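Engineer: Got a structure for you, questions after.
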Amino acid sequence: MRIAVIPGDGIGGEVVPAVLPALELLGDHFGLGLSYRIFDWGAERWLAERVGLPPDALDLLASDYPAILLGALGDPRIPDMAHGRDILLGLRRGLDLYVNYRPFTPRGGDRTIALFRENTQGLYAGVGGTVSHGRHPAVAIDECVYTRETVEKFLRYCLRTLSESGRERVTLVHKSNAVPHTGRLWQGVFRAELAGFPGLVGSEEYVDSFCYHLVRDPSPYEGIVASNLFGDIVSDIGAALMGGLGLAASASVCPETGCALFEPVHGSAPDIAGRGIANPYAAATAVALMLDHLGHPRAAAPLRRALAAAARTDSATPDLGGHGTTGTFMADVMKRLEKD
Ligand code: NAI
Ligand code: MG
């Protein structure tokens, strides 16, 4: 199984190389036959050559690399994030990775809430423009675009996955009172698709009131499904409930082709880049999600155990209250993996 590795910018270039030895060790130990190739797509290449996602990249990934591990994109020298959109949105749309799965385990609990975000349409559809008077835009428009086909296949996949994981409750996050056209499309499809899953009880919440309830008490929630922007925002609340951005990871999947991209939820963190203190927990969790997806949950389990145990010690990075570095934390994780 070949894996494409894109460390990217800032701390992406620190946490991704730090977690690769764990992937290698687990691959060898469980005989998974994994190999990987590193791609240099990111800010440096963009600034030097104006190349974001190279022209042949999508074909190459689609044919040879069923799994992609990405660090983060973002560089203060490219304030409009042109390269990031080219690469990340290019991968999501080009490989039709329309399901974004972002599990989070609220601190103090042991139950993982499964959050699914639609990943290709909605307010990220790239439809819109500006009308300028003189030098300044007078009107700016970003359209929220959803097709029934995408909402249907997205919700059907989410409900099937939730049901197979033994979860019984699923909440649709929407705002159909104020954003009625796409909101009602989502509600209609959600109710229709739920009928095919008698074991699942559905509820619907407005995104604002949902955020309020989630922060106050996440315990009633088991599965959450949301459109692109709402899912993006809610997932950062999920990361906060876990204990920080350095912990959360996501998988972007095309269920039809099986192609998938795994990444930490955090960005390139220019404020701490180059200091060796970035928390590699989220990137390692992205590796665990990848192992699950490739059909090797037995290899993902010891990694999750080692991460959780190491995070409780002083080798944890400063964002978790420890005195460790990216390197000492992963050294601790590797020691535990070798013993496990
Ligand atoms: P960020 O996630 O990079 O950082 C937010 C805060 O969390 C910072 O204080 C940072 O130091 C801290 N943090 C994040 N990850 C951490 C880790 N692993 N260990 C310890 N502390 C960590 O978000 P920010 O600052 O808004 O964005 C920075 C750049 O990253 C921007 O260019 C942004 O566009 C980009 N970005 C890229 C994403 C991606 O590639 N998927 C996602 C989010 C932002
Ligand atoms: Mg986000």
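Values in this text are rule-based calculations from the coordinates and carry no lab data. All values derive from a computational prediction rather than experimental measurement. Heads up, the Cβs are rebuilt from the backbone with ideal geometry, glycines too, and the neighbour counts pull from every protein chain shown.
Engineer: Amide H of G322: which non-local residues (sequence gap of 5 or more, or other chain) have their own amide H closer than 5 Å, using H built in the peptide plane?
Structural biologist: Under 5 Å from the amide H of G322: T317.
Engineer: While we're looking at this one, here's another question. Explain nothing, just compute: Karplus ³J(HN,Hα) = 6.51 cos²θ - 1.76 cosθ + 1.60, θ = phi - 60°, for every residue of region 315-323 in order, whole Hz, x for Gly and Pro.
Structural biologist: Per-residue couplings from phi come out as 6, 5, 6, x, 4, 9, x, x, 10 Hz.
Engineer: So, in nm, how far is label H29 from label A138 when the simple model puts each one 7 Å beyond its Cα toward the Cβ?
Structural biologist: 6.5 nm
Engineer: Could you run the Karplus curve 6.51 cos²θ - 1.76 cosθ + 1.60 with θ = phi - 60° over region 213-229 and give me ³J(HN,Hα) per residue in whole Hz, x for Gly and Pro?
Structural biologist: Taking θ as phi minus 60°, the curve returns 5, 4, 5, 6, 7, x, 4, x, 8, 10, x, 10, 10, 8, 6, 4, 5 Hz for region 213-229.
Engineer: Please say if region 103-245 is rounded, prolate or oblate, where rounded means a/c under 1.5 for a ≥ b ≥ c the square roots of the C-alpha gyration tensor eigenvalues, and otherwise the choice is prolate for a/b larger than b/c and oblate otherwise?
Structural biologist: Since a/c reaches 1.5 but b/c is at least a/b, the shape of region 103-245 is classed as oblate.
Engineer: Amide H neighbours of Y36 under 5 Å, at least 5 residues apart or on other chains, H built in the peptide plane: list them.
Structural biologist: The list, which skips near neighbours in sequence, is I3.
Engineer: Quickly estimate the mean residue ellipticity at 222 nm for the chain, helices only: each DSSP H run with n ≥ 4 gives -39500 (n - 2.57), and the total goes over all residues, rounded to 500.
Structural biologist: Mean residue ellipticity at 222 nm (helix-derived): -12500 deg cm²/dmol.
Engineer: Could I ask something else about it? Skipping prolines and chain starts, which residues have an amide H placed within reach, meaning under 5 Å, of the one on L115, given they are 5 or more residues away or on another chain?
Structural biologist: Residues meeting the amide H criterion: R102, F104, I224.
Engineer: May I pose another question? Within 9 Å, Cβ to Cβ, of A278, how many net charges do the neighbouring residues add up to if Lys/Arg are +1 and Asp/Glu are -1?
Structural biologist: -1
Engineer: Between region 153-222 and region 7-49, what is the C-alpha centre distance in whole Å?
Structural biologist: Each part's Cα centre sits 34 Å from the other's.
Engineer: Can you tell me which lysines have their Cα less than 27 Å from the Cα of K153? Leave out same-chain residues fewer than eight positions away.
Structural biologist: Answer for K153, where 27 Å is the Cα cut-off: K175, listed by chain and number.
Engineer: For the chain, give me the percentage of DSSP beta bridges that are antiparallel, rounded to the nearest 5 percent.
Structural biologist: Bridges in the chain that DSSP calls antiparallel: roughly 45 percent.
Engineer: Among residues other than L70 whose Cβ falls under 13 Å from its Cβ, what is the net charge (Lys/Arg +1, Asp/Glu -1)?
Structural biologist: -2
Engineer: While we're looking at this one, here's another question. Less than 14 Å Cβ to Cβ from S203, Lys/Arg counted +1 and Asp/Glu -1: what total charge do the surrounding residues give?
Structural biologist: -1
Engineer: With θ taken as phi - 60° and the coefficients 6.51, -1.76 and 1.60, list the Karplus ³J(HN,Hα) couplings across region 62-77 in order, rounded to whole Hz; mark glycine and proline as x.
Structural biologist: Values, residue by residue: 4, 8, 10, 10, x, 9, 10, 10, 10, x, 6, 10, x, 8, x, 6 Hz.
Engineer: Give me the mean projected area, in nm² to one decimal, of the convex hull enclosing the Cα positions of the chain.
Structural biologist: 18.1 nm²
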